[in-house]
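Please read the structure below before turning to the comments.
The values are calculated or read from the model by the stated rules, or taken from the named source; none is laboratory data. Predicted, not measured: the structure shown is a model, and the values here were computed from it. Here the Cβ is made from the backbone with ideal geometry for all residues, glycine too, and neighbour counts use every protein chain on show.
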Amino acid sequence: MAVKVESNKRLVVAVIIVAVFVIIIAKLFYIQVIDSSYKFSAANNVLRYITQYPARGLILDRNGFPMVTNKPVYDLLMVKKQVVPFDTLEFASLLGLTVDQVREAFVAAQKQKGYSPRKAVTLIKQIPPEYFARFQEKMYKFSGFEVQPRTVRSYTLPIAAHLFGYVGEVDDGTIKTEPYYQSGDYIGVSGLERSYEKELRGKKGIKIFMVDVHNRIKGSYEHGKFDSVAVPGKNLTSTIDARLQEYGEKLMQNKIGSIVAIEPKTGEVLAMISSPSYNPELLVGRDRATNFKLLQQDSLKPIFNRSIMALYPPGSTFKVVNALIGLQEGVLFPETRYSCYGGYTIGRGVGCHNHPSPVNLIQSIQVSCNTYYCHVFRNIIDKREFGSVENGFSVWKKHVESFGYGNKLNIDLPHELKGIVPSVAFYNKYFRKGGWNSLTIISLAIGQGELSVTPLQMANLVATIANKGYYVAPHVVKAIEGESIDSDYRQKHYTSIEPKYFDYIIEGMDLAVNGPPGSGSTARIAALPDVRICGKTGTAQNPHGADHSVFFAFAPKEDPKIAISVYVENAGFGATWAAPIASLMIEKYLKDTITRPDLERYILEAKLLDRRAKKK
Amino acid sequence: MQRKSNILRNLDWIAVILYIMLVVMGWLNIYAAVLSDEHRNIFDFSQRYGKQMVWIGFAFLMAFTIVYSNDRIYPAFAYLFYGLIVLALLATLIFGRVVNASKSWIPIGSFGLQPAEFAKVATALALAKLMSGYGFKLSGLWSYVKVGLVLGFPVGIILMQNDTGSALVFGSLILVLYREGLPGWVLAFAAFLVLLFILTLIYNTSTLLIFLFVLTVFLFIFYTRRYKDAFRITLGAGGVSLLIYLVSVLFHLKVSLSVILLVPLVLSVLIGLIYAYANRLKIVYLLALFLLVTVGFSLSTDYVFERVLDVHHQKRINDLLGIENDPLGWGYNVNQSKIAIGSGGFWGKGYLSGTQTKFNFVPEQSTDFIFCTVGEEWGFLGSTVVVILIASFLLRLLKIAERQTEHFARIYGYGVVSILFFHAAINIGMTIGLVPVIGIPLPFFSYGGSSLWAFTIMVFILLKFDAERYGAY
């Protein structure tokens, strides 16, 4: 009996031992086989993903000249746990910072999202190579710091800031919507950098390292089997002619306004100048934020891209559109003549300047007669077949819009505005239905009133005239990594005007520039001896001050290679400033030499910044 | 010569082979845990695997010495060994070196010895000596006091060294007492108190009071089958609680829930005692006592937990029970340990291919957390094999202990099994989050000379007894 009890006790002990080990095996089974979460944690523990940042694609001009390139900078990372106290003053002076800036950077770094004292976090961004070289020599003194090479933009010439736009760090909103981006990535914020972001950015690579508990790298993971190489961004070949762009910006110095030059046959933008501009280098590197603020606060709005965002009344240049519509609608014939005695006197009336009278169609363009176009405009709107003012206006509006007015031309730049072509509904609301007629809106005859266009649309109009009836949507990039861009930018958009009518307009524009002295030609100042320029002046009244000086032209007449529009804000007559600027640009582009140094000096020395709001 | 060959033949080779397998596996895992690209030579004695090789060599030498020396010295000098080790423990307390907040090391050159490891052997021997003494019977207060004294000295000093883990190991000797006459219900009651301790930390007092009351009523029904009386007392207690509650609401008194429950509980105990006296039911006295003790225990647990235990013990227990979650702080060890073992999967990552252990994510990975390397590199398959090997070894030693004809040898054998069992179960349990973190080594696996030698000596003294038991006749 006693023996049996004792052997029972041995059994109890054995059962306890077995039971405990069975529980252990069950738990092992659970955490090793059933629950997979530990495997993820293990990977997170051991693997460190280091992003390999690609260099952004270059931007070349139409002749292959590199305008936008990259330069190396260095981001300094720190692993807080490994940082030992160091000489802050030396650290700061090596990096070209103040001690306070370094302290602030430390505080900011530790406030970053996802901060961990064991992880490498960015401490100081975009250290220029010259500072980095000095720092690197002394880096052994500072433990816990790592370096991440990056590239930022570098500009060969200080031009075309609006076109290129700038690159900034990606914001939280974008990170949420676009999974490609991670905190600290760069992204094109404006200009070409933005519209071609996908092509320019390239593809980030990743290197996977194994790290120990102190985040020290212990070697590459699986011999780099899962690593990927950074793919550099694609190079863009721009349609811009760097020399022309540079020259245009020079001509526009100390003036407010815009120049847009287009190759008519292809729609390629040869130059796009918005003045005042800024050196694109200002928005690169460590001082970007400071400089951006300064530019933003400037009263002349240098960041604002006037070429595609400023809305101006087209002024007298718009007369050619009314002439074309009149011809198309059969209310105007080349031989139609109207007398002008200093203005159109019906209704509110429209004044005119002194010129020979009466004039026919071609002469009306040559001398830019306001009276003539008041007749033409009223004849269109009040054409009997239309039945009503509203119908007449609608037909007119449709024709105008076929020139690309009132709609975006869809240039490959962000933030393009579409301009304003008023609608029947607008006037019905403004005046009341039936409360308006062709006389009420007579300003439209000479490109004033409720009409607004961008300089780009103006350039596109003159390109359309050069092409005798069609335009190709203007664009600033012609090839990506050697491959030409999509067919949207090769399609011809025809206007609703028959091509034959354009000849009269071209003749008029030819005479406006090349007419004999005393014939009333408005733009004789723009004439070039061996290139036949066709142009039209404009003097756009506006509520901001003195009239805008407007001119558009194309050349050579026989085989147009360049169509150009020039706006100089609050500068006065079109012939005074805009016409010579256009003429110099055409000469520069077609001849590459300037034969009229006096004219050039006259433009370069002109300071037209203080003319705003003079006329109140 | 004859005697020597007998010894080898009589040695329990199953146990010896299991021992060798465990030691070799242990070394392989220490090698895997410490290995880095800089040190590849397995004889590199600057590294732990190199040193462990030396410790293993010494361990084998000790095993040989024990097998070939006289086994009578152990019963004869059991108290002497015990005395010496108590002195060594005291010396450590005074002259020792502090490692991981425990002052449990005696420095010898650049190495150190942990007397606490050897104290386990000596205490097992002393306990065996005491309980195998002529006329000793484990009944009556005096016998328990003697046992308590033998255990008390080393446990007390080790606690003073701040080495709670090692002190707890001596608690496992309750299995020896059980084998030698301690009633089974004491073992069960001890287990119940441990459970209750855990429950108190998880659940609030009120829930536990209700639980204990219901449990007692069920036990009453189980032993007496008096359903009606059980129903009456439950109803009565419930009624009293309700009454107190209603009164407190009526007179806007703030009476805590514990009081609402405690009053009927005490009343029930009183009624129970009268009931037991009237009906001459001895079991009801015991049940009343059970209720009183357990209620008192659970009420005092919070106090004990907060006042008696150190902060790091509290944190470890709370972490285990999921009361506090702090994977980078107190829970870091266990969390990383579970990640390492869990990431091993079914097949494991392959020998020397573990990433967690190799890159030092698991603290103490070659000592207390060596099982992580097993779990990560050898997977569920390998871990199970190791666990089964350890269990087999323990069961084999249990069989050996039981077959001893000599009381001293048998009691000592049970001591060896208890201590090894506690070490293995608690160590593996803590690496997989089954028990709170208690810093004790995994026998034969963990890096360290002291523990390996102590366990080797412990096991081989038993094997020597076993081999000699034929000679006794």
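Worth pointing out:
- Count of region A:381-391 residues which are assigned to a helix (DSSP H, G or I) and either surrounded by fewer than 24 Cβ atoms within 10 Å (Cβ to Cβ) or not assigned by TED's automatic domain parsing to the domain that holds A:PRO516 (or both): 6
- Pairs, first closer than 16 Å to A:VAL13 by Cβ in region B:401-428, second part of a loop (DSSP other than H, G, I, E, B) and aliphatic (A, V, I, L, M), C-beta under 6 Å, six or more apart: B:HIS423/B:ILE440
- Selection count, region B:375-385, where residues are within 10 Å of chain A (Cβ to nearest Cβ) and among the aliphatic types (A, V, I, L, M): 1
- The listed residues are B:ILE426, B:ILE419, and the only one of them that is within 16 Å of A:ILE16 (Cα to Cα), under 17 Å from the mean Cα position of the chain (by Cα) and away from chain A (no Cβ under 11 Å) turns out to be B:ILE419.
- Looking only at region B:114-144, residues that are closer than 10 Å to B:ALA454 by Cβ and among the aliphatic types (A, V, I, L, M) come to 4 in all.
- Yes/no for A:VAL260 being more than 14 Å from chain B (Cβ to nearest Cβ), assigned to a helix (DSSP H, G or I), modelled with pLDDT of 90 or more and surrounded by 23 or more Cβ atoms within 10 Å (Cβ to Cβ): no
- Residues (in contact (Cβ under 8 Å) with a residue 12 or more places away in the chain and out of contact with any Lys or Arg (no Cβ under 9 Å at 6 or more places or on another chain)) located in region B:262-280: B:LEU262, B:VAL263, B:PRO264, B:LEU265, B:LEU267, B:SER268, B:VAL269, B:ILE271, B:GLY272, B:LEU273, B:TYR275
- Which listed residue is of a type in the set (A, V, I, L, M), touching a Cys at 6+ places or on another chain (Cβ under 7 Å), crowded, with 24+ Cβ neighbours inside 10 Å and closer than 22 Å to A:ALA553 by Cα, from A:ALA459, A:ALA445: A:ALA445
- In the set B:LEU193, B:LEU168, B:LEU138, B:LEU149, only one residue is within 13 Å of chain A (Cβ to nearest Cβ) and either within 14 Å of the chain's Cα centre (by Cα) or not small (Gly, Ala, Ser) (or both); that residue is B:LEU138.
- Applying the criterion of at least 1 residues that are modelled with pLDDT of 90 or more to the strands (runs of 3 or more DSSP E) found wholly in region B:68-150 leaves an empty list.
- Candidates A:ILE25, A:ILE34, filtered to the one that is in contact with a helix residue (DSSP H, G or I) (Cβ under 6 Å, 6 or more places away or on another chain) and either farther than 30 Å from B:VAL334 by Cβ or within 14 Å of chain B (Cβ to nearest Cβ) (or both): A:ILE25
- Within region A:78-102, residues that are acidic (Asp, Glu) sit with their Cβ atoms under 9 Å from residues that are part of a helix (DSSP H, G or I), at 6+ positions apart or across chains, in these pairs: A:ASP87/A:LYS141; A:GLU90/A:LYS141; A:ASP100/A:ALA92.
- Index of the failed condition, A:VAL3 passing every other in (1) modelled with pLDDT under 90; (2) at the interface with chain B (Cβ under 9 Å from one of its Cβ atoms): (2)
- Of the candidates A:PRO158, A:PRO117, A:PRO149, the single residue that is surrounded by fewer than 17 Cβ atoms within 10 Å (Cβ to Cβ) and either without any contact (Cβ under 8 Å) to a residue 60 or more places away in the chain or among the aromatic types (Phe, Trp, Tyr) (or both) is A:PRO117.
- Checklist (1) at pLDDT 85 or above; (2) touching a strand residue (DSSP E or B) at 6+ places or on another chain (Cβ under 8 Å) applied to A:TYR221, failing item: (1)
- Checking B:ARG9, B:ARG40 one by one, the residue that is more than 25 Å from the chain's Cα centre (by Cα) and modelled with pLDDT of 80 or more is B:ARG9 and no other.
- Residue within region A:270-280 that is under 30 Å from A:GLU558 (Cα atoms) and more than 16 Å from the chain's Cα centre (by Cα) present: no
- Contact map, region A:494-516: first residue under 19 Å from A:PHE551 (Cα atoms) and modelled with pLDDT under 95, second residue hydrophobic (A, V, I, L, M, F, W, C) and surrounded by fewer than 19 Cβ atoms within 10 Å (Cβ to Cβ), Cβ cut-off under 7 Å, separation 6 or more or different chains; pairs are A:VAL513/A:ALA527; A:ASN514/A:ALA527.
- Considering only residues in region A:217-251 that are of a type in the set (Gly, Ala, Ser) and assigned to a helix (DSSP H, G or I), the one that is nearest to A:PRO597 (Cα to Cα) turns out to be A:GLY248.
- Selected residue (criterion: farthest from A:ALA26 (Cα to Cα)) from residues of region B:387-400 that are more than 8 Å from chain A (Cβ to nearest Cβ) and not charged (D, E, K, R): B:ILE400
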